[in-house]
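Below: one structure, written as C-alpha cells.
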Amino acid sequence: MINSLIARLPGNKNLWVFILLWLLTFVLYIPAGKAGWVIDGAGFLYHLKHQGFWDFINRTTSTDQSFYQLFTLHYVVFYKLWGINPWLWTVLYITLQAINALLFFIFSYQYS
C-alpha cells in the first residue's frame, strides 16, 4: 500500500515524505511549543548568558564528563540567530525530528 502511495507523488518523493513527516511532527509537538522553556533548555541558556564561550562549550561547571561540545555548540549558534524565542526553537527541534524520521524512512524503504 505504501509503495503505491509513494509512486503517485509528483516530483521528489523524499520531499513530500519530509513535508508529511514535518506536519505530523508539528501537530504532535504543538503542546510542547505552548509550554515555553523547560528546565534543561532554560538551564543551557542561563549558562550561555553567564559563562564565556569556551567555558560554556566545554561545560566547565557541569559534573557530567561527556562529549557535549557539538551538542552545546548548537545552543550558541541558534541563540545568536534568534535569541530565546521558544517557538523558533520548537520549529528547529520539529525539523530535526522530521529529518530523523525521513532518514529512517529512506533507510527502511531501501532495505525492505
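Only the coordinates and a few stated rules stand behind these numbers; no lab work does. Predicted model only: the values in this text are computed from it and were never measured. Methodologically, a virtual Cβ is constructed for each residue, glycine included, from the backbone with ideal geometry; neighbour enumeration extends over all protein chains shown.
Numbers at a glance
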quantity	calculated
For peptides 52-59, 91-98, sequence by mean Cβ density within 10 Å, most packed first	91-98, 52-59
Length released on extending from LEU81 to TYR68, taking residue separation times 0.36 nm less the Cα-Cα span	2.6 nm
In nm, spacing of pseudo-spin labels at PHE26 and LEU92 (7 Å Cα→C-beta vector)	1.9
